[in-house]
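Below is one structure, written out as structure tokens; comments come after it.
The values are calculated or read from the model by the stated rules, or taken from the named source; none is laboratory data. Note that this is a predicted model, so its numbers are computed, not measured. Methodologically, a virtual Cβ is constructed for each residue, glycine included, from the backbone with ideal geometry; neighbour enumeration extends over all protein chains shown. The protein model used for the area step is the full one, side chains on, heavy atoms only, and it has no ligands, DNA or RNA in it. Shrake-Rupley method; radii C 1.70, N 1.55, O 1.52, S 1.80 Å.
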Amino acid sequence: MYAVVGCGECSALWIVEGDPERTECPRCGTSRKHEYRREFLTTEDEDHAREVRASMLASRQGESEAFAEVGSFAELDDDLENAGVDDETYLEGVGVDTGEVEAAADRAAGGGGSRSREETVRAALRELEAPSEAEVASYAAEHGVSREYAERALEKLVRAGEVTEAGGGYRLL
């Protein structure tokens with residue numbers, strides 16, 4: 001069920017789905033019990049509700065004739081679907097290798113995914129036995145994280161109390 005409703009404060013028109021207890025005006029934010037909102041139309045068809053709201057807005061602007069010349073929402077949706085170029089053509093046109101993009105998406109969806117830089121530092125602390133700062137930085141570098149970032153992250157984790165340092169070795173708490 002869809003209803004075209006109006007705001008008594010600012011005259012905004014919008015479409016409400018279902019029968020909510022309260023509605024809030026998207027323009028001015030006025031909240032009221034839905035039963036006190038003026039319903040201009042109630043219908044089962046969302047496209048019909050969209051058409052009526054659009055017609056009312058066009059009429060307010062004195063553009064009823066122009067609105068009458070425009071196709072229905074269903075026709076406009078079809079036109080939009082067929083307009084322009086598809087994503088793959090666009091990306092290739094700007095120099096993006098769509099094959100590489102698909103391969104990266106497959107790798108990410110495969111669960112192997114990449115981990116964040118901080119997670120890489122944490123993994124070094126979990127996997128290495130009381131590693132030194134140099135060992136953590138080396139592990140991070142092997143996994144694509146700069147040594148500088150690894151050293152800064154290690155320092156922050158110690159300050160945050162998530163990692164302890166004793167005798168040059170680090171350990172997650």
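I'd like the full set of residues that are open to solvent by 40 Å² or more (accessible area, probe 1.4 Å) and on the phi > 0 side of the Ramachandran plot, limited to the range 151-171. Don't jump to the end; show me each part of the working.
If we filter the range 151-171 for residues that are open to solvent by 40 Å² or more (accessible area, probe 1.4 Å), which is where we start, we get 151-152, 155-156, 158-162, 164-167, 171.
Result: 161, 167.
Assess whether residue 53 counts as being at pLDDT 90 or above, surrounded by 11 or more Cβ atoms within 10 Å (Cβ to Cβ) and under 31 Å from the mean Cα position of the chain (by Cα).
Yes, satisfied.
Limited to the range 1-17, what total is found for residues that are part of a loop (DSSP other than H, G, I, E, B) and farther than 14 Å from residue 45 by Cβ?
Keep residues of the range 1-17 that are part of a loop (DSSP other than H, G, I, E, B), which gives 1, 7-12.
Filter once more, so that each one left must be farther than 14 Å from residue 45 by Cβ: 7-12.
Residues flagged as part of a loop (DSSP other than H, G, I, E, B) and farther than 14 Å from residue 45 by Cβ within the range 1-17 amount to 6.
Criterion applied to 100, 81 was being of a type in the set (Asp, Glu) and over 30 Å from residue 150 (Cα atoms), and the one residue passing it is 81.
Residues that are under 30 Å from residue 50 (Cα atoms), open to solvent by 90 Å² or more (accessible area, probe 1.4 Å) and over 25 Å from the mean Cα position of the chain (by Cα): does the range 75-92 have at least one? Yes, there is a match, as at least one residue in the range 75-92 is under 30 Å from residue 50 (Cα atoms), open to solvent by 90 Å² or more (accessible area, probe 1.4 Å) and over 25 Å from the mean Cα position of the chain (by Cα).
Can you name the residue in the range 18-50 that is touching a strand residue (DSSP E or B) at 6+ places or on another chain (Cβ under 8 Å) and small (Gly, Ala, Ser) and, of all such residues, is most open to solvent (accessible area, probe 1.4 Å)? Here the answer is 31.
Counting the residues of the range 101-141 that are open to solvent by 90 Å² or more (accessible area, probe 1.4 Å) and either of a type in the set (S, T, N, Q) or modelled with pLDDT of 90 or more (or both) gives 4.
For residue 148, state whether it is open to solvent by 80 Å² or more (accessible area, probe 1.4 Å), within 32 Å of the chain's Cα centre (by Cα), under 30 Å from residue 14 (Cα atoms) and of a type outside the set (Ser, Thr, Tyr). Working first, answer last.
Details: open to solvent by 80 Å² or more (accessible area, probe 1.4 Å): yes; within 32 Å of the chain's Cα centre (by Cα): yes; under 30 Å from residue 14 (Cα atoms): no; of a type outside the set (Ser, Thr, Tyr): yes.
Against the criterion (open to solvent by 80 Å² or more (accessible area, probe 1.4 Å), within 32 Å of the chain's Cα centre (by Cα), under 30 Å from residue 14 (Cα atoms) and of a type outside the set (Ser, Thr, Tyr)), residue 148 does not qualify.
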